[in-house]
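The values are calculated or read from the model by the stated rules, or taken from the named source; none is laboratory data. Since the structure is predicted, the reported quantities are computational estimates derived from the model, not experimental observations. Backbone-built Cβ (ideal geometry, glycine too); neighbour counts: all protein chains shown. Keep in mind that these areas ignore ligands, DNA and RNA; they rest on the heavy atoms of the full protein, side chains included. Shrake-Rupley method; radii C 1.70, N 1.55, O 1.52, S 1.80 Å.
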Amino acid sequence: MSRIDDLLSRMTLDEKIGQLVMQALGAGTIVTGPGAATDSSVDDVRQGRIGSILNLVGRDRILALQKIAVEETRLGIPLLVGLDVIHGYLTDAPVPLAETAAFRPDLWEETARMAAEEAAEDGVHLTFAPMLDLARDPRWGRMVEGPGEDPYVGRVMAAAKTAGFQGRDLTDPLSIGATAKHFVAYGAVNAGREYASVEVSDRTLHEFYLPAFKAAVDAGTVAIMPAFHDIAGRPMSGDKALLTGLVRDTWGFDGIYVSDYDAIGELVAHGVAADMAEAAAIGLEAGMDIDMMSAAYREGLKPAIERGLVSVDLLDATVRRVLAVKERLGLFDNPYARGTIAVARPRQERRALVRAVGAASCVLLKNDDAVLPLAPTGGRIALIGPFATTKREMIGAWYGLGDREEAVTIEAGVRAGFPHREVVVVEGVSGLGTETDGIAEAVAAAGEADLVLLAVGEAAELSGEAASRVRPGFTGRQAELVSAVIATGKPVVILLVCGRPLIETEAFAAAAAVLVIWHPGSEGGAAVAEVLSGRRPPSGKLPVSWPSHLGQVPIFYAQRNTGRPYAEGEFFVTKYVDASNEPLYPFGYGLSYTTFELGEPIVEATRFKPGETVNVTVRLANTGPVSADTTVFLFSHDCVASTARPILELKRFQTVTLAAGEETFLHFDLEPADFECLGPDLVPRAEPGDFVLSVGFSADRRLVKTVRVTLGD
Ligand code: BGC
């Protein structure tokens with residue numbers, strides 16, 4: 001008899017239910033949702049009423065609880081320990097949206113690996129990451145946690161992060177399980193308002209939102225977390241068709257669904273369950289394995305079984321999956337492995353990694369008169385703005401244990417990076433406050449300097465969960481600070497601290513340069529200084545379209561042509577009468593200190609048959625003065641199809657380093673699946689006809705270079 005069969009045959013109903021309950025308990029718990037995290041006690045662990053815990057930090061506390069589970073419960077089943085290890089545990093990489101801007105899957109994987117090691121050392125088994133919610137609307141604060149707007153990028157991110165967290169062997173004590181979240185289309189909440197309902201077509205769901213989750217399943221993710229919202233009245237925690245029908249039965253997902261915080265219990269608030277017993281029954285029927293923090297399974301599952309709403313067979317099948325994951329993670333054989341193993345990677349190496357990623361994530365939007373890079377010697381620099389000195393803004397949302405005290409501020413980075421320049425620091429205003437008294441001092445400092453670095457943007461707590469904004473722009477009184485400093489006439493370099501595009505079109509127009517630094521991580525200030533000095537030229541590319549006006553959102557590059565495509569000077573075409581359709585900066589945009597040139601794309605043959613690969617080659621040259629990285633994107637357009645296709649769909653990207661004057665040829669292999677679209681029945685198929693393949697440095701359609709290929713027999 002297998003271990004799991006044996007255990008199941010000996011478990012009481014309460015013990016079975018306990019395996020599906022995930023609770024936060026005890027001192028040292030991070031609070032990430034509403035309600036008391038303390039209505040459970042250690043005794044619940046001892047009695048087998050809790051099978052997993054979340055958000056507890058500190059190896060001693062975790063190991064102590066694990067010891068109780070293993071040695072004092074009747075069956076000795078180990079606990080599963082989950083935590084939000086989102087962009088780091090001790091050593092924080094930039095926030096996920098920023099990291100995406102690096103377009104470096106190798107780094108995406110490496111930072112996840114490092115986070116897994118640090119978390120595992122502290123006793124964590126499972127992270128609630130990666131967050132794979134694509135987002136087209138910067139009002140939504142959780143855009144910061146995801147991979148931006150593109151489904152292909154989402155897929156690559158899913159694979160890289162899952163591989164990084166889980167490693168090659170999940171029983172390796174330095175590997176932790178991944179949780180692909182939040183399933184699915186959470187980024188589409190109405191009007192960008194957190195937790196709101198979602199309206200999304202089946203096509204958009206399948207083409208746009210689901211593929212990243214499919215990629216996570218293909219990469220072997222241990223868990224998936226369904227989101228809080230409902231799609232057209234179907235809350236995700238009760239969506240049997242998607243959770244079980246599609247993901248389990250069709251895709252072959254063999255891991256566990258971990259609910260979002262209280263989400264099964266919230267089926268009552270949604271209005272689809274009358275009480276906790278009904279909520280529990282709906283959740284279990286849908287396929288939800290673990291109930292995080294609600295009373296549904298804890299209090300409702302037993303009555304649900306007694307009332308005949310769900311069967312014990314279904315409960316058994318669910319418990320079996322949870323035990324299987326514990327087994328997959330090696331917890332039965334070595335419950336204390338994580339928490340007692342030390343990370344071999346030296347601290348210096350970890351800091352160097354997040355510094356490199358921090359620098360690679362910076363996106364240069366504007367650089368008039370080559371004001372950047374800054375020379376090592378020269379006149380005085382005024383570093384102005386509330387985020388010049390704050391550690392919190394370097395780290396951003398979801399910092400795990402992230403040692404904020406060790407975060408390198410912009411001030412520290414700039415002072416260390418420019419030892420031969422005088423640097424004067426004035427905050428001017430705070431990130432959120434209403435005081436404006438400090439603006440005069442900031443203006444005076446600007447007036448006496450040769451150049452101003454303006455560290456402004458969005459306070460860290462204003463992006464992330466429950467942080468939707470109707471005006472995604474400078475917070476507090478920063479807008480006044482920015483105007484006053486710009487009015488001095490000194491060259492101003494905006495260092496934009498943010499977790500989403502901030503719509504500050506006028507300020508950007510008035511500044512000499514704009515460098516988006518996001519929340520750049522533990523080594524943030526040092527990374528930014530390296531970019532400013534040119535030690536690492538900027539190479540980040542926007543993972544989202546950057547709106548010029550709030551009225552343009554939701555905004556994304558993969559638009560369809562429409563029946564009345566925009567044409568200059570025409571009236572009855574798709575347009576706004578008071579602004580351009582185009583974003584301020586397109587997806588993929590980002591300047592460098594050098595210039596790159598792309599040749600025409602070349603294909604071996606312009607006709608190809610179903611099942612054949614298409615190879616695209618393009619010459620890339622660094623025509624400027626310095627060695628730098630850049631990213632080349634390859635898009636495809638299916639010209640005539642049974643359903644109108646977007647004009648650009650990303651199929652590949654490559655990030656390469658080229659020395660000044662160097663040139664190379666990039667090769668892209670497009671597989672048969674790259675030419676498929678979903679037919680009217682939502683089944684993938686390749687439809688014969690023409691495809692336009694475009695290569696470019698961004699999704700700016702005016703600048704891409706194209707070649708037409710034909711799929712035929
Ligand atoms: C968030 C999740 C997170 C969970 C546990 C929830 O509020 O939506 O992303 O994993 O809390 O902390």
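General observations
- Global dimensions of the chain from alpha-carbon coordinates: Rg and Dmax equal 26.0, 80 Å.
- Per-pair calculated FRET efficiency, R0 = 35 Å: Thr250 and Arg708 via Cβ, rounded to 0.05: 0.50
- Largest-first principal axis extents, alpha carbons of the stretch 51-144, Å: 49, 25, 17
- Length-normalised contact order of the stretch 347-537 in % [C-alpha pairs under 8 Å, at least 6 apart]: 36
- Using the Cβ-Cβ distance between Asp578 and Gln654 with R0 set to 22 Å, the FRET efficiency from 1/(1 + (r/R0)^6) comes to roughly 0.05.
- The phi-based Karplus calculation (6.51 cos²θ - 1.76 cosθ + 1.60; θ = phi - 60°) puts the 3J(HN,Hα) values of the stretch 520-530 at x, x, 4, 9, x, x, 5, 5, 5, 4, 5 Hz, whole numbers, x for Gly and Pro.
- Computed lengthening from Ser9 to Arg535, 0.36 nm per intervening residue step minus Cα-Cα distance: 183.1 nm
- Sum of -39500 (n - 2.57) over DSSP H runs of 4+, divided by residues of the chain (222 nm, nearest 500): -7000 deg cm²/dmol
- 20 Å cut-off, amide nitrogen to a point 7 angstrom out along Val470 Cα→Cβ, residues in the stretch 497-519: 501-505
- Annotation: amide H of Gly457 within the under-5 Å range of Thr475, Val497, sequence separation 5 or more or interchain, hydrogens built in the peptide plane.
- Highest-first arrangement of 255-262, 478-485, where packing means the average Cβ count within 10 Å: 255-262, 478-485
- Across the stretch 684-696, rounded Karplus estimates of 3J(HN,Hα) from the backbone phi angles (6.51 cos²θ - 1.76 cosθ + 1.60, θ = phi - 60°) give x, 7, 9, 9, x, x, 8, 10, 9, 9, 10, 10, x Hz, Gly and Pro being marked x.
- Using θ = phi - 60° in the Karplus curve 6.51 cos²θ - 1.76 cosθ + 1.60, the 3J(HN,Hα) couplings for the stretch 356-373 round to 5, 5, x, 5, 5, 8, 5, 10, 8, 8, 7, 7, 4, 6, 6, 4, 9, x Hz; x is entered for Gly and Pro.
- Distance distribution P(r), the stretch 347-537, all Cα-Cα pairs, bin width 10 angstrom from 0: 10, 41, 38, 11, 1 percent.
- Highest mean packing first, where packing is the average number of other Cβ atoms within 10 Å per residue, the peptides 441-452, 157-168, 308-319 line up as 157-168, 441-452, 308-319.
- In the chain, the longest principal axis of the Cα atoms and the axis of helix 105-121 are about 40 degrees apart.
- For Ile86, the residues whose modelled amide H falls within less than 5 Å of its own, excluding neighbours fewer than 5 places apart on the same chain, are Gly400.
- Backbone N under 16 Å from the Ser2 label point (7 Å along Cα→Cβ), restricted to the stretch 208-245: none
- For His667, the solvent-accessible surface computed with a 1.4 Å probe is close to 110 Å², ligands and nucleic acids excluded.
- Residues whose amide H lies under 5 Å from that of Leu132, counting only those 5 or more places away or on a different chain, are Lys181, His182; hydrogens are built 1.01 Å from N in the peptide plane.
- Cut-off 15 Å between beta-carbons: net charge of the residues surrounding Gly534, Lys and Arg +1, Asp and Glu -1: +1
- Accessible area, probe 1.4 Å, largest first, for residues Tyr399, Tyr566: Tyr566, Tyr399
- The chain, accessible surface, carbon-and-sulfur percent (1.4 angstrom probe): 51
- Per residue accessible area of the chain, 1.4 Å probe, in Å²: 36
- Rel. contact order, % - alpha carbon contacts under 8 angstrom, at least six apart, the chain: 13
- Å³ per residue enclosed by the Cα convex hull of the stretch 559-713: 127
- Proximal lysines to Lys214, defined as alpha-carbon separation beneath 17 angstrom and excluding residues fewer than eight positions away on the same chain: Lys161, Lys181, Lys240, Lys651
- Coarse-grained scattering of the stretch 129-255 at q = 0.13, 0.16, 0.18 Å⁻¹, given as base-10 log I(q)/I(0) from a Debye sum over alpha-carbon atoms: -0.48, -0.72, -0.91
- Placing a label point 7 Å from the Cα of Asn561 along the Cα-to-Cβ line, the residues of the stretch 688-713 whose backbone N sits under 12 Å from it are 690-692.
- Length added when fully stretched, Ala64-Glu349, from 0.36 nm per residue minus Cα-Cα: 99.5 nm
- Ordering of 411-421, 509-519, 486-496 by burial proxy (mean other Cβ atoms within 10 Å per residue, highest first): 509-519, 486-496, 411-421
- Rounded FRET efficiency, nearest 0.05, which uses the C-beta distance separating Thr171 from Leu314 and R0 of 51 Å: 0.95
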